[in-house]
1. Against the empirical 2.2 N^0.38 Å scaling, what ratio does the C-alpha Rg of the range B:331-402 come to?
2. Nearest 500 deg cm²/dmol is fine: what mean residue ellipticity at 222 nm does chain A get from its DSSP H runs of n ≥ 4 alone, each adding -39,500 (n - 2.57), divided by its residue count?
3. Hey, in the GNM for chain A with a 10 angstrom Cα cutoff, which one of A:R227, A:R129, A:R278 fluctuates hardest?
4. List the residues whose amide H sits under 5 Å from the amide H of B:I219, counting only those 5 or more places along or on another chain, with H placed 1.01 Å from N in the peptide plane.
5. Helix B:114-128: angle to the longest alpha-carbon principal axis of chain B, degrees 0 to 90, nearest 10?
6. Could you calculate, for the range A:91-183, the ratio of the Cα radius of gyration to the Kirkwood radius, expressed as Rg to Rh?
7. Tell me the label-point distance for the pair B:D226, B:R69, using the 7 Å Cα-to-Cβ offset, in nm and rounded to one decimal.
8. How many angstrom lie between the C-alpha centres of the range A:187-264 and the range A:77-128?
Amino acid sequence: MTVSMLGGLLMSALLLWTPLALAALGGLLHRVSGVVNIGLEGQMLTGALVGAVVSGATGDWALGVLAAGAAGGLIGLLMSLCITRLGANEIIAGLGFTIVLSGLIGYLLRSVFDVSGTLRVAGLDPLPRILGLDPLFWLTIIFVPLIGWSLRNTVAGLRLRATGDGFDAANALGLPANGIRDIAGTLAGVFAGIAGSHLVLGQVGLFNENMVAGRGFIALAAFYFGRARPLPTALACLLFAVFDAAQARLQTAGVPAQLIQTLPYVVVIAVLTATAVRGVRGRVRRAG
Amino acid sequence: MSVRLGARDVSRAFGPVRANEGVSVEIRAGTVHAVVGENGAGKTTLMRILYGLDQPDSGTVVINDQPVRLRGPADGIGHGIGLVPQELAMIGSLTLLENLVLGTEPRSGPRIDWARARGEAEELASRVGVELPWTALADNVSISVRQQVEILRALRRGADVLILDEPTAALAPAQVDDLLRLLRGLREAGRTVVFISHKVDEVLAVADEITVLRGGKVITTRPVGDLDRTSLIELIVGQQVGFTGFVPSAVTGDEVLTVAGSVSLSVRAGEIVGVAGIAGSGQDELVERVVGLRPPDGRITLAGQDISTLPVDRRRAAGLGYISGDRRSEGLSMDASLADNTIAGTHRTLGRHGWLKPSAVRAYAKRVLDGYSVRYGRTTAVARTLSGGNQQRVVIGRELDRDPKLLVAAGPTRGVDVLGMTYIHDKLRALRDNGSGVLLVSEQLDELLDLSDRIIVLHGGRVAGEVPGGPASRTAIGTLMLGRTPS
Ligand SMILES: Nc1ncnc2c1ncn2[C@@H]1O[C@H](COP(=O)(O)OP(=O)(O)OP(=O)(O)O)[C@@H](O)[C@H]1O
Ligand SMILES: [Mg+2]
């Protein structure tokens, strides 16, 4: 393998890393507030579609990204309200939103846009490049340490952690614990929505109803693996992205595509299992 | 202004349970007002209402002589009321400092000004006369430390009415003295204190006025001068109470427990061995090693069998019972039903082929709960809904009913009322007289002296000495606890 091939692999891995890490960081915030967000997948898909359409309609990538974030945030807020105010189970709510959204989007594509599955948007404005990579990549890179620092050192960060670990205690101190969770859920939606827009505006240049392909769930696995800490979470995303980039290259090398495509997912499962086993061993035999 | 905080005809029911019924109290500014009553009498319910954490079905809260509606704790805090709850509301994954400032963080912009927070914390702590490990996680410090942080937190939030719900339940005598001194100091400074305790001596020592609740109703409110120990106990339980006092063991048999390691000791069948020491002298480590929650640092045998490497369930199967000092996280599963909590560990005997028999489960749970006078509605209610003392009775009932060869009891009467305490003491003695061994760890010196046949005193993680049980050993224990040799 040559240096330029390695460089190419790295660049495409970073490209694939961006939406994954963004969504994972959003999910991480929600997780720190005490809710496991299973809805990232649907929020990413929504962001991808909205990003594509708005970018095409306005000819401005930034507006596309903002609209995707707003759409994701709105869905994130709705989902959170179902959980915090209506007492819906977070797993059911997350799965439900994802299923309904992908169904709705499939229907919209056929009825409104009159296409089956893939939407090519005329006049789509792709993300520009700064130092060879797109602005969302740089944004995500900044977010990793920034979120870590904020969780430790800002009022919002402290209250978020408090709500996650001591919901009743936070309430008893007069903090609006449900409101804090709603904010975190909205933020998760914003992050996931923007992540979705990256798939269209930063990578493929068109929208496909299957384009998220489980990345919302990989993001979920990432912040679990990272124990809701930004750096390990981002690294977990990088691991997946590297194997995702590698599998794309191996495909062109003639190995059966279906097999190769599973590679990044298999790696994630293997790593998750390994850390889980270590976690169980590390704990003193408390259950008994 | 006379009534700083009060209730006017407040009622609150939980399903069939009338926790408060037409309760009226008046707490005058600048006084220490004690609220006493049996387990489940409705004390915590009333305090939660006064703080705004819960709303009455009827009646109103009174603040500064005016009826007010508190919609949430933020309203209570806004009126200068602070609550240190019975089940402490500290967040385990946050440091003490983070817990202290949570909700009212000193900030510069969005950032928390940690230097200022630390300064305020130190200042507050020194004013009250305590020293705290501010960077430790709340999970890793003792209950008494957590409680001090809660009190400081309420003060820091500008509370001039401080409600303390059973603050002394988990404290050693010296710490209780410190706390009472602190409360008197607050009163001198013009603040108002509402104080809940099952220990009548403390109440009589610190309170200006005493309100007695029984079955959700106010029995009476009296100035402390009108009451003495006997009359107060009678008011609380509605009858006269006989105390057993120290009764040494008649016969002792073979060793049921031997522990070797940094702390070495043994317990014989038919013997209660007490463990005394100031908090953090190695009691927790000892208990955790015997029970199997911490890797051993030496050989541990139970009725002759080496259990040092066995997991908890195998130790329990071998005849170990454990009353945890921390019922909230170790003693009970707070969100599981009373039935599930009661049968845990015995469940295999209550069904066949891996299926539980619901009728057998219910019958077993009912027998244990009724047998230990737990005040509950249904066996399907979750443990969280019981009052603190009733939760403790569930743990006691479950562990004693298994008739263990060795019972490890850590703070077995924590939060239990006067009647319940004598009752549990009698049960522990009965267990001993039946030939079981008991390892009793308690912060309550009186409890240790009353129950133990021998008392082992720990200091700095080692055995400092051993004294016989009974009231005569009081001073010797005090000396040993400080690491000195009694003359
Ligand atoms: N959330 C709840 N749901 C159902 N029942 C409740 C709830 N809170 C309290 N109760 C019931 O109300 C009664 C009064 O409880 P409360 O906690 O006020 O008693 P207490 O006087 O504080 O007792 P203790 O000394 O044991 O702490 C009890 O019978 C309890 O089971
Ligand atoms: Mg109570």
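What follows is calculated from the coordinates using simple rules that are stated; it is not laboratory data. The structure presented is a predicted model; accordingly, all values stated were derived computationally and were not measured. Reconstructed Cβ throughout: ideal geometry from the backbone, glycine too, with neighbour counts over all protein chains shown.
1. Values: Rg = 11.2 Å, N = 72, 2.2 N^0.38 = 11.2 Å.
The reported ratio for this selection is 1.00.
2. Numbers: 12 runs with 212 residues, N = 288.
For chain A, the value works out to -25000 deg cm²/dmol.
3. A:R278
4. Residues meeting the amide H criterion: B:V212, B:L213, B:R214.
5. It works out to around 80 degrees.
6. Values: Rg = 20.4 Å, Rh = 17.6 Å.
That ratio equals 1.16.
7. 3.5 nm
8. Value for the Cα centre distance between the two parts: 18 Å.
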